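J.: My questions will all concern the structure given below.
The values are calculated or read from the model by the stated rules, or taken from the named source; none is laboratory data. A quick note: this is a predicted structure, and the numbers were derived from the prediction, not measured. Every residue, glycine among them, receives a Cβ derived from its backbone with ideal geometry; neighbour counts consider all protein chains shown. Just the protein is used for accessible areas: all its heavy atoms, side chains included, with ligands, DNA and RNA removed. Shrake-Rupley method; radii C 1.70, N 1.55, O 1.52, S 1.80 Å.
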There are 2 protein chains.
Amino acid sequence: MPDDIDRIIQKSYEACASAGVKLTDKRKNVLMVLLGSSTPLSAYEIVERYKIQFGETLPVMSIYRMLDFLIQEKLVHKLETASQYMSCAHIACEHQHETPQFLICDRCGSVKEIAIKKHIMTELERSIQSTGFTLAHQQLELHGVCKHCQDNSVPAN
Amino acid sequence: MPDDIDRIIQKSYEACASAGVKLTDKRKNVLMVLLGSSTPLSAYEIVERYKIQFGETLPVMSIYRMLDFLIQEKLVHKLETASQYMSCAHIACEHQHETPQFLICDRCGSVKEIAIKKHIMTELERSIQSTGFTLAHQQLELHGVCKHCQDNSVPAN
DNA sequence: ATAAGATATGATATAACATAACACCATAAT
DNA sequence: ATTATGGTGTTATGTTATATCATATCTTAT
């Protein structure tokens, strides 16, 4: 759970404003749901939590649209390998967005977002370019077991 | 389309035999469907092609089970980011299976399986271990545009 | 202030991907 | 020959995602 949700929301408003798009209340609420979760959530789980947190049941179609918006504005990431969504860990950071790399724990479902080392990415790109391929999304998703689950031998879910 | 399907099938039989499991006719046929496709296929697409190639309609449930088997025996890969399946490019190779890396063209859907450079993987692992995380599946899926589509400006699908 | 247009959301239906649970049959092991 | 195992079929259902059209709300020009 992020330290300072208010500050992140504030930053999100600013980012949207400078992109000329609107962070509506519902979009903001969806972002808040994600910010309040320690694990990434599916669109359907967002519907449930939205209802609990804000007392309103949104159609899943709307959630998908809002997620698309938030992803577009780089406030949310989609984990393709898990079909789940999570808030970007760097909304309130000053530094530039780099290639995100997600370490997904297959036991507890938690995800750590770390920035991939510049030179590793450069090498990856180089070895890829030699095949004529051009990278697009630039996002790595790696599965494994997090420190906490290793220490506690939590069973896989 | 692989050069020599017969040889790959032969190797697959040998691999299964030495693992003490059986490559049944239907499992072999599913593998043949994948070997005959230039792009990865979904389970439902395999049902369709199986029918065309072998004149029999298998329930998708059975296809999923056969895919599980083939994946277990490392004859087939699942592309998690695309929910599609493809035959391993290295069934008939002598060299050891390394960390596979898939370059997925978002325009034509073709996929190139290349082995990630040893030292890049080592570096990735090192930077990950510093977070306490332990890697599991070790498979990279990278999206972009293949050489052919760049040259021909094929529209995205 | 209001109409026209644009953007955001709601509602309904359906497509696409995946698994659970149980039945049946063939073959292998005893 | 009997039993155990593994492979496949069948049915039902769960999960993720998109298409389409309707409605609401917001903006902006007049």
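J.: For A:Ala15, indicate whether it is out of contact with any helix residue (DSSP H, G or I) (no Cβ under 7 Å at 6 or more places or on another chain), under 14 Å from A:Val76 (Cβ atoms), open to solvent by less than 90 Å² (accessible area, probe 1.4 Å) and assigned by TED's automatic domain parsing to the domain that holds A:Met86.
T.: Taking the combined requirement at face value, the residue satisfies it.
J.: So, in the stretch A:120-137, of the ones that are open to solvent by 40 Å² or more (accessible area, probe 1.4 Å) and more than 8 Å from chain B (Cβ to nearest Cβ), which residue ends up farthest from the chain's Cα centre (by Cα)?
T.: Here the answer is A:Ser130.
J.: Next question, about the same structure. List the helices (runs of 4 or more DSSP H) that sit entirely inside the stretch A:1-112 and contain at least 2 residues that are within 12 Å of the chain's Cα centre (by Cα) and either at positive phi or at pLDDT 95 or above (or both).
T.: Result: A:25-35, A:60-72.
J.: Give me a count of the residues in the stretch B:24-45 that are within 10 Å of DNA strand C (Cβ to nearest atom) and either of a type in the set (A, V, I, L, M, F, W, C) or touching an Asp or Glu at 6+ places or on another chain (Cβ under 8 Å) (or both).
T.: So the count comes out to 2.
J.: Can you name the residue in the stretch A:61-98 that is within 10 Å of DNA strand D (Cβ to nearest atom) and open to solvent by 40 Å² or more (accessible area, probe 1.4 Å) and is also nearest to the other protein chains (Cβ to nearest Cβ) among such residues?
T.: A:Glu80
J.: Looking only at residues that are in contact with a helix residue (DSSP H, G or I) (Cβ under 7 Å, 6 or more places away or on another chain) and surrounded by fewer than 20 Cβ atoms within 10 Å (Cβ to Cβ) in the stretch A:99-119, which one is nearest to the other protein chains (Cβ to nearest Cβ)?
T.: A:Lys117
J.: Sticking with this structure for a sec: Only one of (1) away from DNA strand C (no atom under 13 Å from the Cβ); (2) in contact (Cβ under 8 Å) with a residue 12 or more places away in the chain is not met by B:Thr57, so which one is it?
T.: Only one criterion in (1) away from DNA strand C (no atom under 13 Å from the Cβ); (2) in contact (Cβ under 8 Å) with a residue 12 or more places away in the chain is unmet by B:Thr57, namely (2).
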